[in-house]
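As structure tokens, the structure follows; a few thoughts come after it.
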Amino acid sequence: PALVLIQTLVLLPLALLAVFGLASRIGGRTVGYLAAGGWVLLPYAAHPLFESAYHPLYVQQLLPLGLGLTGSPDFASMVCVLVAAYFAVASIDSGDRVQAALGGVFAGFAIALDPGNVLFLAAPAVGYALSRRWPGAVAFGVSLLPALAAVTLWQYRGLGHVPHIHAQIDVHRLHALSVDFRNVFYSDRIVEVPF
């Protein structure tokens, strides 16, 4: 119960602020308000678009997980990625190394909570490279190193080796997921078009 309280009273508003800040940095204050409003309303607005047989799974499993109402570290991991993305974009925009360092710290927390979040690091790397903000990139990377070292040591001690990350796309599995999604949702096109 204490973890759920922390997630809903601290991390949920932090996620909302990160979404607002990120969208505001990218498209202005109006886009920030729209993104924050969508962040709050879309999980509830999407509810009627699912088939009634899917209702229990959505309401009892997916929605609580997405709102931080469970003890899973996935929600905290997502919030850390959002905050890291905000600070990375802010540092790319302003050139501030302190913001870049904060982005690296939060990215490190996200990776410590879920090592799969290491895939997020590609986005800041590309952002820093395209903007040529090398001091920010160095600050981001240096502040990320302690968490990466801790996760690497933890995995080595626990598994006896450091596992490799396999980013492999199975086209047949994606098609099967699309067909399954089409069976429970109003239209998979609503989800596919924005992406």
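The values are calculated or read from the model by the stated rules, or taken from the named source; none is laboratory data. These numbers were taken from a predicted model, which means no experiment stands behind them. Please note: Cβ atoms are built from the backbone with ideal geometry, for glycine as well, and neighbour counts cover all protein chains shown. All accessible areas refer to the heavy atoms of the entire protein, side chains included, with ligands and DNA or RNA removed. Shrake-Rupley method; radii C 1.70, N 1.55, O 1.52, S 1.80 Å.
Below, the figures for the structure above:
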{"item": "Given (1) open to solvent by 50 Å² or more (accessible area, probe 1.4 Å); (2) out of contact with any helix residue (DSSP H, G or I) (no Cβ under 8 Å at 6 or more places or on another chain); (3) over 16 Å from Leu67 (Cβ atoms), index of the condition Ala53 fails", "result": "(2)"}
{"item": "Subset of the stretch 12-35 that is hydrophobic (A, V, I, L, M, F, W, C) and more than 15 Å from Ala85 (Cα to Cα) - its residue that is most open to solvent (accessible area, probe 1.4 Å)", "result": "Leu34"}
{"item": "Qualifying positions in the stretch 79-100 - more than 16 Å from the chain's Cα centre (by Cα), open to solvent by less than 30 Å² (accessible area, probe 1.4 Å) and of a type in the set (A, V, I, L, M)", "result": "Ala90, Ala100"}
{"item": "The stretch 36-56, subset in contact (Cβ under 8 Å) with a residue 24 or more places away in the chain and within 17 Å of the chain's Cα centre (by Cα), residue farthest from Ala84 (Cα to Cα)", "result": "Pro43"}
{"item": "Subset tally (residues that are assigned to a helix (DSSP H, G or I), open to solvent by less than 100 Å² (accessible area, probe 1.4 Å), modelled with pLDDT under 70 and in contact with a helix residue (DSSP H, G or I) (Cβ under 7 Å, 6 or more places away or on another chain)) for the stretch 155-186", "result": "2"}
{"item": "Flag for Gly38 being modelled with pLDDT under 75, surrounded by fewer than 19 Cβ atoms within 10 Å (Cβ to Cβ) and touching a helix residue (DSSP H, G or I) at 6+ places or on another chain (Cβ under 9 Å)", "result": "no"}
{"item": "Test set (1) out of contact with any Gly (no Cβ under 8 Å at 6 or more places or on another chain); (2) under 25 Å from Gly127 (Cα atoms) - Gly66 fails condition number", "result": "(2)"}
{"item": "Number of the condition not met by Thr70 [criteria: (1) touching a Pro at 6+ places or on another chain (Cβ under 6 Å); (2) part of a helix (DSSP H, G or I)]", "result": "(2)"}
{"item": "Residue list for the stretch 117-133, restricted to those being open to solvent by less than 40 Å² (accessible area, probe 1.4 Å) and out of contact with any helix residue (DSSP H, G or I) (no Cβ under 6 Å at 6 or more places or on another chain)", "result": "Leu121"}
{"item": "Residue count for the stretch 34-80, restricted to those that are more than 30 Å from Phe106 (Cα to Cα) and of a type in the set (D, E, K, R)", "result": "1"}
{"item": "Meets criteria (within 28 Å of Gly71 (Cβ to Cβ) and open to solvent by 90 Å² or more (accessible area, probe 1.4 Å)) for Pro1", "result": "yes"}
{"item": "Yes/no for Ala76 being modelled with pLDDT under 90, of a type outside the set (Val, Ile, Thr) and open to solvent by less than 40 Å² (accessible area, probe 1.4 Å)", "result": "yes"}
